[in-house]
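Report on the structure given below.
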Amino acid sequence: MDNNLVREKKKRLIITFETTTAPLKLDIKSKACGIPGRTIPLPSAISAGCGLAWRAELSDRESLIAFMKEQDIRWEAMYELEMY
Amino acid sequence: MIYLDNAATTIKKPDAVYDAVLDAMKHCGNSGRGMSDASLDASRKIYEARMCLTEFFGGEDADRLVFTANSTESLNIAIHGLLEPGEHVITTQLEHNSVLRPLYMQRERGVCVDIVPCSDEEIKRGIISPRDIEAAICPETKAIVCTHASNLTGNVVDIKSIGQIARKHDLLFIVDASQTAGVLPINVKDMNIDVLCFTGHKGLMGPQGTGGLYVGERADIKPVKSGGTGVLSFLESQPMELPTRLEAGTLNGPGIAGLLAGIKAIEEIGVDNIYAKEYMLMKAFLKKIKIIPGIRIYGDFDMLPDNGAHCAIVSVNIADMDSAEVSDILMNEYGIATRSGIHCAPLMHKFFGTQKQGMVRFSFSYYNTNDEINEAAEALMQIAALR
């Protein structure tokens, strides 16, 4: 347990998907290619009812778009959300 | 990783389970398909599992123990194979989508589905009253479908009383034991259960892809799938004898071998000892987290001596924090696996008003430790403090 932990809330890039398989494709492909971000549970601010989303920094937006196009990964929407 | 999502699936199993799966994969053929040693070995193993599970659940005839892939498949077989348009069925607000969605499908076919709400609207703990179930019975009622415990709160339903009501009114009683099989005693005879639906990969400590149903003599389930059975191959319809009647296609031999090993391990440890350990962990966790500022704990933890069971599940929220974010922080920063969101229990979230926020569910197993519980509680305290 890190007692000096400070958790900062700031705007993050959240990408959502229409299918359950698309975020997993991004998850697997990104690891191999060093793409920024990680898989998270779908924030309730976007939609209630569970699912997966991709979280990255706002500055990663263009590189992620290029990567997803290159890998034929279809995303549904991109959001900027205040998150820890 | 500290794994506290055992209500979704248990990861830590007895070593005998892993060994049994591997051994069956290496040596067992296709059960009921031919007479080779390999095929017979598979058949013997699966029949042993039928006998073992039948005895475990207080059944009398191993032929009535049917294997499936999970509780969802078992519940679909029971619900779609028993109900007809024009009939009435009673279920509860506690149910998982594995009960609700098949029932909604039946509603489309003309079955009248009555969902009994929780009886404690004022105190909001999520309790189902057997009296409310009895009050919902009408002349067209065919069956009561009910979970043994909520997968969201861990609240245990008094299925013995509901079973008595079902029998008194000559109704079929279908029980979803997903959260309780292997943790709480279940006896289909004493509890008047006509169809017991269970999964193998949670409390029974078997592999994913295993489950089943015990079909009592009063339940005449029509097959919802048909196909290869290894017997009566010139018959154009599915054979009517159990268990073949409800088992089309190759069974999950290695999985069932693992499930058998899981049941044997449970019998060795003792269901009561498993429950006592999980209960102790849950109580220790509760004691630590209930003082966290802003925490909300869902469920009924006032366990009465005569109805004193509660599955080892504690679902919480911290103030207005998104459950998905809390769960993500727990995993990403503390290495603690929990489950956020709706848990496939939409009606319970409506009851608690958490459709949007969801909940963070902690669920414990026999193999969790006090140290893990302490770490999880401290992590939750820190998340609450740093918000």
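Brief remarks follow.
- Cα centre as origin, Lys/Arg/Asp/Glu Cβ charges: the range B:84-138 dipole, Debye: 180 debye
- Additional length obtainable on full extension of the chain from B:ILE269 to B:ALA284, 0.36 nm per residue less Cα span: 3.2 nm
- Per residue, chain B reaches -12000 deg cm²/dmol at 222 nm when only DSSP H runs of four or more residues are counted, each adding -39500 (n - 2.57).
- Cross-link table B:LYS45/B:LYS264; B:LYS124/B:LYS290; B:LYS287/B:LYS356; B:LYS12/B:LYS202; B:LYS124/B:LYS350, entries beyond 21 Å C-alpha to C-alpha: B:LYS287/B:LYS356
- Total accessible surface hidden between A and B, rounded to 100 Å², 1.4 Å probe: 1600 Å²
- From most to least packed by mean Cβ count within 10 Å, the peptides B:66-72, B:117-123 give B:66-72, B:117-123.
- Within the accessible surface of the protein assembly as shown, defined with a 1.4 Å probe on protein heavy atoms only, the carbon and sulfur portion equals 51 percent.
- Over the range A:10-83, accessible surface divided per residue gives 54 Å², non-protein components excluded, 1.4 Å probe.
- For the peptides B:243-251, A:5-13, the ranking by mean Cβ contacts within 10 Å, running from highest to lowest, is B:243-251, A:5-13.
- Computed over the range B:251-385, the Cα gyration tensor eigenvalues convert (square root of 5λ each) into semi-axes of 28, 18, 17 Å, ordered from largest to smallest.
- DSSP-defined antiparallel bridges as percent of all bridges, chain B, nearest 5: 50 percent
- Counted over all Cα-Cα pairs of chain B, pairs farther apart than 41 Å make up 14 percent.
- Most fluctuating residue given options B:TYR104, B:TYR18, B:TYR47, as computed from a GNM of chain B linking Cα atoms under 10 Å: B:TYR104
- Once the Cα-Cα distance is subtracted from the 0.36 nm per residue extended length, the B:LYS12 to B:GLU378 segment shows a gain of 129.5 nm.
- For chain B, the longest principal axis of the C-alpha atoms and the axis of helix B:271-289 are separated by about 20°.
- Whole-number D in µm² s⁻¹ for the protein assembly as shown, Kirkwood Cα-pair radius fed into Stokes-Einstein, 25 °C, 0.890 mPa s: 103 µm²/s
- Cα centre as origin, Lys/Arg/Asp/Glu Cβ charges: the protein assembly as shown dipole, Debye: 820 debye
- Over all other residues within a Cβ to Cβ distance under 10 Å of B:THR91, the charged ones net out to -3, with Lys and Arg as +1 and Asp and Glu as -1.
- For chain A, the calculated P(r) over all alpha carbon pairs, in 5 Å bins from 0 to the bin holding the longest distance, is 3, 14, 26, 24, 16, 10, 4, 2, 0 percent.
- For the pair A:ASP72 and B:LYS225, a Förster radius of 41 Å applied to the C-beta separation gives a FRET efficiency near 0.70, rounded to the nearest 0.05.
- Peptide B:328-340 is shielded by partner chain Cβ atoms: per residue, an average of 3 of them sit within 10 Å of its Cβ.
- Tilt relative to chain A, helix A:61-70 - C-alpha long axis, 0 to 90 degrees, to 10: 30 degrees
- Cα centroid of the range B:316-387 to Cα centroid of the range B:209-253, whole Å: 40 Å
- Net charge dipole, chain B: roughly 380 debye, given to the nearest 20, about the Cα centre with Cβ charges of +1 for Lys and Arg and -1 for Asp and Glu.
The values are calculated or read from the model by the stated rules, or taken from the named source; none is laboratory data. Treat the numbers as computed from the prediction; the structure is a model and nothing was measured. Quick reminder, even Gly has a Cβ in these numbers, built from the backbone with ideal geometry, and neighbours come from all protein chains shown. With ligands, DNA and RNA removed, areas are computed over all heavy atoms of the protein, side chains included. Shrake-Rupley method; radii C 1.70, N 1.55, O 1.52, S 1.80 Å.
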